[in-house]
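**Student:** To start, I am sharing the structure in question, which I have written as structure tokens.
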Amino acid sequence: MLAEIAHQVRSGVVDPVDLVNESLRRIQAAKELNAVVAVYAEEALETARAHSRQGALAGLPLLVKDMARVKGHVTTSGSRLYVDAAPDEVDDTVVERLRAAGAIVIGRTNSPEFGATAFTSNSVFGATRNPWNTEKSPGGSSGGSAAALAAGLSPLATTSDGGGSVRGPAASSGLVGYKPTMGAIGRNVLPRWIEFSTQGTTCASVADVITEASVTLGEARGDFLSVPRDGVHFQPVMPTRVVACRTFRTDVDPDIEENFERTISAIEASGISVERIDAPSDNDTIWNWFVISTAELTQSLRHEEHRWDQLSDYVQAQLRFGATVTIDQYIAAQRKRHEVSARFDDVLTAGTVLVTPTANARSWPAEGPLPTRAGKTEDPMITLNTPDANLTGHPAVSVPMGLDEHGVPSGIQITAPRFQDGLALGLAAHLEKIQPWALTAPGYTQFSL
């Protein structure tokens, strides 16, 4: 869809002004979702009128998650601390690259405060609702962008991932969510979770993910983790081996497991064998991710300690824990990353991908909290299988695999060897052929004129 619309703009068939107006109309019509929390209508229309009609994303309206910087506008990160902050002086690298390819920023999408939980609600803008079931969350922290895409409000919306914030919302919203190898998308502004957070790509189809990623991937000045663009192979390639495990945690809800098993059966019926393995990860992995992430979040907000009482409960809880992390605990958790990464590398040998459910728990309320139970197991860290790839840096893609008992999509996560992102995208494209999914939520239409 992205390539087709951009081609129509470049060839003069479609006017960027019409695309911007259509996106603004759709955003207004879907206000009940609370996916878009700021609209830059006049600025976007002015840009559209003067548009060169050039670029891989020529004329496409772009929504930016309210955690990525947009020059001339305030990034609140969903926090009352920054509602009155000075406008950004630079674009985040990913925004700069999307604009350079012809995209037109039209507004902001909602995020939980500092992206610190997996439901999209904050005290500034309130809760974003899932277009598949408005009582439920579209996930987090990129839930605003995911809801906007699932409702066809714009063709592009940025997403980022420090513990699953691309893949979780994609799973909950019936989309494709691609978290690249760490460093594949360079960063000009260091995130609060220094070595976990990366921009990603979320779209309705694998082809659109490839179109967008072809613009955003590449190293960035100053990012000590970024890798050269040609160091990451992201064009879809079919894996030669598929391995599967039911969870990285302790249990999974039965409707999610049923969708997972049906998808595994579909893969096997298409002629690809699937080998069952023991999980290379467990609750110890997510615990070490939590130690590092909360310590780094706490340090990044230490200068605001006198205002911590204004923060959301979920942020305050993480800051209280992060403040107790000792240097020994932090370094021990960093050392554990090597061990866990090696276990994943042992599984993800050449040509191999690993599949799991993206989330173990079925959908949760729009206002939260996150589930603390899946299957028969009570566990406060059971919800997602996603932080593991942030800890290790491996690429991972979530694609739809069916609906839960609430009518909300669930996702299957495909993890690939580092720098071999195309293997995950290759199986994703295969699943799209053998088990196609709806491109938008019921009652909504894919973005077009």
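**Student:** With the requirement that a residue be of a type in the set (Gly, Ala, Ser), more than 27 Å from THR358 (Cα to Cα) and crowded, with 24+ Cβ neighbours inside 10 Å, what does segment 95-148 give you?
**Tutor:** Correct list: ALA103, GLY107.
**Student:** Please work out which residue is farthest from GLY140 (Cα to Cα), limiting yourself to segment 38-76 and to residues that are within 18 Å of the chain's Cα centre (by Cα) and aliphatic (A, V, I, L, M).
**Tutor:** Once the filter is applied, the top-ranked residue is LEU62.
**Student:** Do any residues in segment 303-323 that are free of Cβ contacts under 8 Å to residues at least 60 places away in the same chain have Cβ atoms under 7 Å from those of residues that are part of a loop (DSSP other than H, G, I, E, B), where the two are at least six apart or on different chains, and which pairs are they?
**Tutor:** LEU319/LEU301
**Student:** Here are some conditions: (1) without any contact (Cβ under 8 Å) to a residue 40 or more places away in the chain; (2) assigned to a helix (DSSP H, G or I). ARG262 meets all but one. Which one does it not meet?
**Tutor:** Unmet for ARG262, out of (1) without any contact (Cβ under 8 Å) to a residue 40 or more places away in the chain; (2) assigned to a helix (DSSP H, G or I): (1).
**Student:** Taking the options ASP92, ASP84, name whichever one is modelled with pLDDT of 95 or more, under 15 Å from SER160 (Cα atoms) and acidic (Asp, Glu). Before you say what the answer is, go through the steps one by one.
**Tutor:** On the way: ASP84 fails: under 15 Å from SER160 (Cα atoms).
Among ASP92, ASP84, only ASP92 is modelled with pLDDT of 95 or more, under 15 Å from SER160 (Cα atoms) and acidic (Asp, Glu).
**Student:** In the list PHE224, PHE248, which residue meets the criterion of being aromatic (Phe, Trp, Tyr) and more than 25 Å from MET381 (Cβ to Cβ)?
**Tutor:** Values: PHE248 fails: more than 25 Å from MET381 (Cβ to Cβ).
Testing whether each residue is aromatic (Phe, Trp, Tyr) and more than 25 Å from MET381 (Cβ to Cβ) leaves just PHE224.
**Student:** With respect to the numbered conditions (1) assigned to a loop (DSSP other than H, G, I, E, B); (2) in contact (Cβ under 8 Å) with a residue 60 or more places away in the chain, which one is the sole condition not fulfilled by GLY140?
**Tutor:** (2)
**Student:** Also, I was wondering about something else. Yes or no: segment 86-97 includes at least one residue that is in contact with a His (Cβ under 8 Å, 6 or more places away or on another chain), part of a loop (DSSP other than H, G, I, E, B) and more than 30 Å from PRO380 (Cβ to Cβ).
**Tutor:** Yes; the residues of segment 86-97 include at least one that is in contact with a His (Cβ under 8 Å, 6 or more places away or on another chain), part of a loop (DSSP other than H, G, I, E, B) and more than 30 Å from PRO380 (Cβ to Cβ).
**Student:** Oh, and also: Taking segment 280-300, which residues are without any contact (Cβ under 8 Å) to a residue 40 or more places away in the chain and either in a loop (DSSP other than H, G, I, E, B) or on the phi > 0 side of the Ramachandran plot (or both)?
**Tutor:** ASP282
**Student:** Can you find even one residue in segment 174-182 that is of a type in the set (Lys, Arg) and buried (at least 24 other Cβ atoms within 10 Å of the Cβ)?
**Tutor:** Yes, the conditions are met somewhere in segment 174-182.
**Student:** I'm checking my understanding of the structure. Among residues of segment 305-318 that are assigned to a helix (DSSP H, G or I) and within 27 Å of the chain's Cα centre (by Cα), which one is surrounded by the most Cβ atoms within 10 Å (Cβ to Cβ)? So that I can check it myself, show each step before the final result.
**Tutor:** Taking segment 305-318 as the starting set, the residues that turn out to be assigned to a helix (DSSP H, G or I) are 305-310, 313-318.
Applying the additional criterion that residues be within 27 Å of the chain's Cα centre (by Cα) yields 308, 310, 313-318.
Values: TRP308: 16, GLN310: 13, ASP313: 12, TYR314: 21, VAL315: 24, GLN316: 15, ALA317: 14, GLN318: 22.
The residue in question is VAL315.
**Student:** Right, here's the next one. Among the candidates SER141, SER145, which residue alone is over 15 Å from GLY407 (Cβ atoms) and either charged (D, E, K, R) or in contact with a strand residue (DSSP E or B) (Cβ under 6 Å, 6 or more places away or on another chain) (or both)?
**Tutor:** Residue meeting the stated conditions: SER145.
**Student:** Right, LEU98: touching a Lys or Arg at 6+ places or on another chain (Cβ under 9 Å) and of a type outside the set (Asp, Glu) or not?
**Tutor:** Values: touching a Lys or Arg at 6+ places or on another chain (Cβ under 9 Å): no; of a type outside the set (Asp, Glu): yes.
No, not satisfied.
**Student:** In addition: Scan VAL90, VAL83, VAL74 and give me the residue that is more than 28 Å from THR386 (Cα to Cα), free of Cβ contacts under 8 Å to residues at least 24 places away in the same chain and among the aliphatic types (A, V, I, L, M).
**Tutor:** Among VAL90, VAL83, VAL74, only VAL74 is more than 28 Å from THR386 (Cα to Cα), free of Cβ contacts under 8 Å to residues at least 24 places away in the same chain and among the aliphatic types (A, V, I, L, M).
Conditions (1) within 18 Å of LEU354 (Cα to Cα); (2) of a type in the set (A, V, I, L, M, F, W, C); (3) touching a residue at least 12 places away in the same chain (Cβ under 8 Å), marked per residue:
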site	(1), (2), (3)
GLN199	no, no, yes
LEU217	no, yes, yes
PRO228	no, no, no
VAL242	yes, yes, yes
PHE248	yes, yes, yes
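**Student:** Within the bounds of segment 152-168, is there any residue that is crowded, with 24+ Cβ neighbours inside 10 Å, among the aliphatic types (A, V, I, L, M) and closer than 18 Å to ARG362 by Cα?
**Tutor:** Let us first name the residues in segment 152-168 that are crowded, with 24+ Cβ neighbours inside 10 Å, namely 153-168.
Those left that are additionally among the aliphatic types (A, V, I, L, M): 153, 156-157, 166.
Right, trim to closer than 18 Å to ARG362 by Cα and you get 166.
Yes; the residues of segment 152-168 include at least one that is crowded, with 24+ Cβ neighbours inside 10 Å, among the aliphatic types (A, V, I, L, M) and closer than 18 Å to ARG362 by Cα.
**Student:** Restricting to segment 168-220, and then to whatever is among the charged types (D, E, K, R) and in contact with a Ser or Thr (Cβ under 8 Å, 6 or more places away or on another chain), can you tell me which residue is farthest from ARG335 (Cα to Cα)? Walk me through how you get there before you give the answer.
**Tutor:** Pass one, segment 168-220, residues among the charged types (D, E, K, R): 179, 187, 192, 195, 208, 212, 219.
Pick out the ones that are also in contact with a Ser or Thr (Cβ under 8 Å, 6 or more places away or on another chain) and you get 179, 187, 192, 212, 219.
Values: LYS179: 23, ARG187: 24, ARG192: 20, GLU212: 34, GLU219: 26 Å.
Per the stated criteria, the residue is GLU212.
**Student:** Shifting gears a bit: Considering segment 402-449 alone, what residues qualify as being of a type in the set (Val, Ile, Thr) and outside any loop (DSSP other than H, G, I, E, B)?
**Tutor:** ILE412, ILE414, THR415, ILE434
The values are calculated or read from the model by the stated rules, or taken from the named source; none is laboratory data. The structure presented is a predicted model; accordingly, all values stated were derived computationally and were not measured. All Cβ positions, glycine included, derive from the backbone under ideal geometry; neighbour counts span all protein chains shown.
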